[in-house]
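Just so you know, all these numbers are worked out from the coordinates, no wet-lab data involved. Bear in mind that the values here come from a model prediction, so they are computed numbers and not experimental data. Positions of Cβ are backbone-derived with ideal geometry, glycine not excepted, and every protein chain shown enters the neighbour counts.
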Amino acid sequence: MPAKPQTFHVKSFGCQMNVYDGERMAELMAAEGMIATDDAAAADLVVLNTCHIREKATEKVYSDIGRLRKTARGLGRAEPMIAVAGCVAQAEGEEIVARAKVDVVVGPQAYHNLPKLVSDAAAGTPALDTDMPPLSKFGRLPARRRVGPTAFLTVQEGCDKFCTYCVVPYTRGAEISRPFDAIVDEATALVDAGAREITLLGQNVNAWDEDGRGLHDLIVALDRIPGLARIRYTTSHPNDMRQGLIDAHRDVESLMPFLHLPVQAGSDRVLRAMNRSHTRDSYLRLLDTIRAARPDIALSGDFIVGFPGETDAEFEETLSLVDAVGYAQAFSFKYSPRPGTPAADLDGAVPAAVMDERLQRLQAALNRDQQAFNKASVGKSCDVLIERRGKLPGQMLGKSPWLQSVHLVGDHAIGDLVRVELIHAGPNSLSGREKTPVAA
Ligand code: SAH
Ligand code: SF4
Ligand code: F3S
């Protein structure tokens with residue numbers, strides 16, 4: 001029976017919301033008097049905060065469990081208590097207990113119970129909680145502690161869209177919006193704890209709604225918090241992009257000119273088979289409206305290649321959509337069949353070699369556009385929010401409004417906003433030169 005742990009380590013594998021959940025679990029355990037350690041091998045309790053989105057992500061949890069136990073044995077230590085949290089815990093709870101004999105399994109809507117589950121496990125009671133009581137976790141989490149200059153804040157959770165390839169509606173549950181006041185309170189606490197930029201998170205963040213008020217109303221309220229310089233949000237669904245939010249990109253100065261708006265594929269037949277409920281054309285027209293409101297907006301997207309039945313000609317339509325949009329950055333994935341999703345039962349699996357080739361071609365196009373976007377930024381002036389020190393002496397790293405990494409040399413503190421001119425674009429980052437303020 002594992003003893004009651006004194007030290008803990010949280011490892012997050014998934015999306016930004018998964019990272020947010022990991023931070024909140026760490027705060028919970030710290031509030032219980034446990035001490036965080038960066039070294040998983042030295043921790044009495046390791047929380048594996050898992051992701052179920054693709055098969056590779058899911059398999060990682062099992063290899064990690066094996067590795068943790070082996071390392072402990074190699075060091076002559078007792079094996080750590082292992083808690084599996086996150087979306088794999090939700091999807092495969094019982095199976096993880098059977099297959100890996102872990103001490104605790106806790107789903108993404110139940111982690112406010114983690115301290116109790118850990119005590120139960122230490123007392124020898126198997127501890128599994130994958131209940132989905134809507135919203136109840138948020139009210140039971142401790143106040144935010146010290147944070148860095150950028151922070152995540154979950155405002156919306158779950159998904160009702162049921163894209164046919166995706167596990168999220170099953171692992172995160174139905175769409176729910178956190179209450180307006182609770183979000184404003186948490187944002188204020190984050191700013192008090194040092195945040196200068198907040199990224200609002202949701203699986204469909206732009207579906208946030210409270211009595212008809214939308215995400216833009218929330219953004220306008222957060223814009224009024226003194227000390228909060230930048231607001232971002234992710235991930236959005238094309239069908240939830242309301243006019244108010246588009247207008248906010250024109251009207252709210254602290255709302256950064258960046259939009260992650262996944263499209264997944266460029267062919268209407270594939271989009272229909274994915275149950276995306278938008279077309280190629282409706283997506284492109286939406287981008288026209290957004291660019292009309294905020295011409296310098298940087299666009300980002302997600303793509304899946306090799307959805308069952310995707311033909312060469314249909315894949316070419318994804319490439320031509322990419323050409324038409326000119327993304328500033330994007331993520332692209334090979335289709336991974338997920339148990340329990342409708343697409344997993346479809347015929348027409350695309351051979352692995354074809355998938356590989358499509359992914360390479362798509363990524364080449366996306367890289368080309370990212371470089372072009374970065375090159376086109378050279379000569380512009382903008383604020384950079386300093387996030388950390390660089391490797392070279394005096395070098396600082398931060399982000400432009402368009403989410404580009406920018407390095408510069410200067411005597412700045414983390415969290416400073418520095419006015420720079422972008423002078424050079426490398427493959428993954430830009431360099432900036434501080435603009436000397438003109439004497440008044
Ligand atoms: N809610 C967001 C993101 C969901 S997951 C949205 O709707 O856009 C992040 C990305 O993972 C998705 O946008 C999709 O591109 C990818 N993804 C989801 N399921 C997948 C699967 N089964 N195989 C490959 N990629 C997948
Ligand atoms: Fe998954 Fe689609 Fe929901 Fe995004 S909108 S989380 S891709 S089901
Ligand atoms: Fe992964 Fe769950 Fe996020 S499946 S992508 S951790 S919502």
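Below is a table of values for the structure above.
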| read-out | value |
| --- | --- |
| The stretch 381-434 - share of DSSP beta bridges that are antiparallel (%, nearest 5) | 90 percent |
| Potential lengthening between residue 75 and residue 403 on full extension [0.36 nm per residue; Cα-Cα distance subtracted] | 113.9 nm |
| Separation of alpha-carbon centers, the stretch 1-80 and the stretch 293-311, rounded to whole Å | 33 Å |
| Isolated Cys in the chain, by beta carbon distance under 4.7 Å | 15, 51, 87, 159, 382 |
| Along the chain, longest interval not containing exposed trypsin sites (Lys or Arg not before Pro), exposed being DSSP loop plus at most 16 other Cβ atoms within 10 Å | 243-379 |
| Integer Hz, Karplus 6.51/-1.76/1.60 couplings in order for the stretch 35-48, x for Gly and Pro | 10, 6, 10, 7, 9, 4, 5, 9, 8, 6, 10, 10, 9, 9 |
| Ranked list, fewest to most other Cβ atoms within 10 Å of each Cβ, for 320, 177, 429 | 320, 429, 177 |
| Ranking of 208, 402 by count of other Cβ atoms within 10 Å, fewest first | 402, 208 |
| Under the span-like rule (Cα at least 30 Å along the axis, Kyte-Doolittle mean at least -1.0), DSSP H helices of the chain | 352-377 |
| Around residue 382: net Lys/Arg minus Asp/Glu count, Cβ-Cβ under 9 Å | 0 |
| Vicinal HN-Hα couplings computed from phi for the stretch 158-173 (Karplus, 6.51 cos²θ - 1.76 cosθ + 1.60; Hz; Gly/Pro x) | x, 8, 10, 7, 6, 4, 6, 9, 10, 8, 4, x, 8, 8, 10, x |
| For the stretch 138-373, Kirkwood radius (reciprocal of mean inverse C-alpha pair distance, Å) | 18.9 Å |
| Förster radius 22 Å - calculated FRET efficiency between residue 423 and residue 389 (Cβ-Cβ, nearest 0.05) | 0.65 |
| Local electrostatic count at residue 66 - Lys and Arg +1, Asp and Glu -1, tallied over other residues with Cβ under 13 Å | +4 |
| Computed magnitude of the charge dipole of the chain (debye, nearest 20; Cβ of K, R +1, Cβ of D, E -1) | 1120 debye |
| Within the stretch 268-296: backbone nitrogen closer than 18 Å to the residue 250 label point (7 Å, Cα to C-beta) | 285-296 |
| Surface/4 estimate of mean projected area, convex hull on alpha-carbon atoms of the chain, nm² | 22.6 nm² |
| Chain lengthening between residue 434 and residue 372 when straightened (0.36 nm per residue, less Cα-Cα) | 20.0 nm |
| Under 5 Å, built H, 5+ apart or other chain: amide partners of residue 154 | 201 |
| Likely footprinting exposure, 282, 63, 405, fewest C-beta neighbours within 10 Å first | 63, 282, 405 |
| Summed side-chain charge close to residue 52 - residues other than residue 52 whose Cβ falls under 14 Å, Lys, Arg +1, Asp, Glu -1 | 0 |
